[in-house]
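Worksheet: one structure, shown below.
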Amino acid sequence: MPVSGMGMPGDDDVVLIQKGKKDGDPHVITVNCPDKTGLGCDICRIILDFGLYITKGGISTDGIWCYIVLWVIPHSNSLIVKWSNLKNRLQSVCPSCTMSILFKPESPRPKTSPMYLLKFFCLDRKGLLHDVTQVLCELELTIQKVKVTTTPDDRVLDLFFITDNKELLHTKERQDETCEQLHAVLGESCISCELQVAGPEYECHQGISSISPAVAEELFRPELSTIESSQALSPDMSKLKEANATIDNSLSPAHTLLQIHCINHKGLLYDILRTLKDCNIKISYGRFSQNTKGYRDLDLFIQMKDGKKIVDPEKQSALCSRLKMEMIHPLRVIISNRGPDTELLVANPVELSGKGRPRVFYDVTLALKALGICVFSAEIGRYSMSGREWEVYRLLLDENCMFQLSTMVASNLIADKVRRTLMGW
């Protein structure tokens with residue numbers, strides 16, 4: 001994919017989406033814009049946020065201009081993708097084509113979106129939490145924090161701290177649209193629904209309630225924990241350990257070749273590019289192969305931020321180890337007992353930019369809804385461990401659900417279903 005001599009498109013042509021010729025064919029997303037470190041990660045994150053799966057792709061850059069092509073399909077046949085909205089979101093993370101590409105300044109730090117509090121009180125029912133989450137995802141509202149509480153009389157008070165990817169939630173029209181769609185899915189069970197700019201109460205819900213040292217050790221350890229291994233029923237879990245990352249400096253005078261082979265999972269390309277972005281590593285050329293018997297191969301020609309190859313053996317080893325951990329263990333899922341109660345914990349690492357992985361809460365609540373399990377309480381928060389920040393999801397499961405949660409078999413079934421949904425298996 002040569003980029004030299006490529007003409008400068010207008011800002012409207014930075015992102016092009018070519019629809020598949022027939023149902024089931026992938027759509028082709030082309031991004032053609034000035035380059036910046038981490039651009040591929042930002043693009044893959046948005047694609048994952050729209051519920052899309054990257055079947056194959058490629059990236060090429062000369063350090064000034066970048067050209068990315070990705071073939072994508074929806075994760076679910078029932079998913080309705082708003083392609084024009086996707087194009088707008090992708091354009092928003094691309095450097096402007098109107099800037100000088102010869103003397104390109106550092107990209108400005110992204111502005112912080114205003115935080116809003118969505119508060120509703122309603123009668124409880126199975127699948128309620130996922131139905132609300134689905135509405136918010138369809139509206140392109142990002143869930144930053146959650147606090148869900150069930151009262152003794154089976155009523156639910158939900159606090160959703162959200163940001164708007166469209167940056168329109170300050171308008172009455174956008175607020176009315178949000179409340180109307182929530183009322184439509186909640187129906188007569190909705191007692192009240194309020195939407196307002198978040199105040200000091202957001203700071204009160206920033207962190208996560210205390211996690212015991214034993215549970216934290218299991219949840220955040222780099223390798224699969226004893227609990228996760230015992231709760232892994234999927235045969236795909238055994239293939240995770242086959243992940244491999246190797247470095248070769250003999251094929252290019254200016255670039256290090258990074259080769260990756262691993263089992264496929266949802267968001268794989270995002271996980272790899274997120275890791276490289278956090279390590280300040282630039283991709284000059286990359287190819288992402290199609291799924292072959294459940295495995296993926298990547299060939300990436302990379303450089304350090306200063307434009308040099310990665311020649312230090314310790315840096316090579318550290319990068320390969322970090323990538324292997326992200327391929328084997330991108331998400332942590334365990335079920336533990338909190339006194340007499342059963343708790344589901346899910347954790348994923350946060351980008352250095354402060355962004356968490358998209359659609360995690362959506363997938364977790366989808367899995368629980370499919371199993372017919374109600375959530376007694378839930379919270380999302382940030383937790384720091386071993387020098388990294390994590391996004392942690394804690395859900396207290398209703399003891400009256402269809403499973404006898406006290407049994408080991410039921411706990412394993414729940415953990416495995418959640419993990420499979422998150423991984424796209």
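What the table below lists for this structure:
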{"quantity": "Counted residues, segment 251-260 - those being at pLDDT below 95 and not aliphatic (A, V, I, L, M)", "calculated": "2"}
{"quantity": "Selection count where residues are in contact with an Asp or Glu (Cβ under 8 Å, 6 or more places away or on another chain) and not in a loop (DSSP other than H, G, I, E, B), scope segment 354-368", "calculated": "1"}
{"quantity": "Complete set of residues in segment 318-330 that are closer than 17 Å to L300 by Cβ and not aliphatic (A, V, I, L, M)", "calculated": "C320, S321, R322, K324, E326"}
{"quantity": "Pair list, Cβ < 7 Å and 6+ apart or interchain, from segment 36-53 residues that are on the phi > 0 side of the Ramachandran plot to residues that are assigned to a strand (DSSP E or B) and not aromatic (F, W, Y)", "calculated": "G51/P74"}
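The values are calculated or read from the model by the stated rules, or taken from the named source; none is laboratory data. Every value quoted in this text rests on a predicted model; they were computed, and no experiment measured them. Every residue, glycine among them, receives a Cβ derived from its backbone with ideal geometry; neighbour counts consider all protein chains shown.
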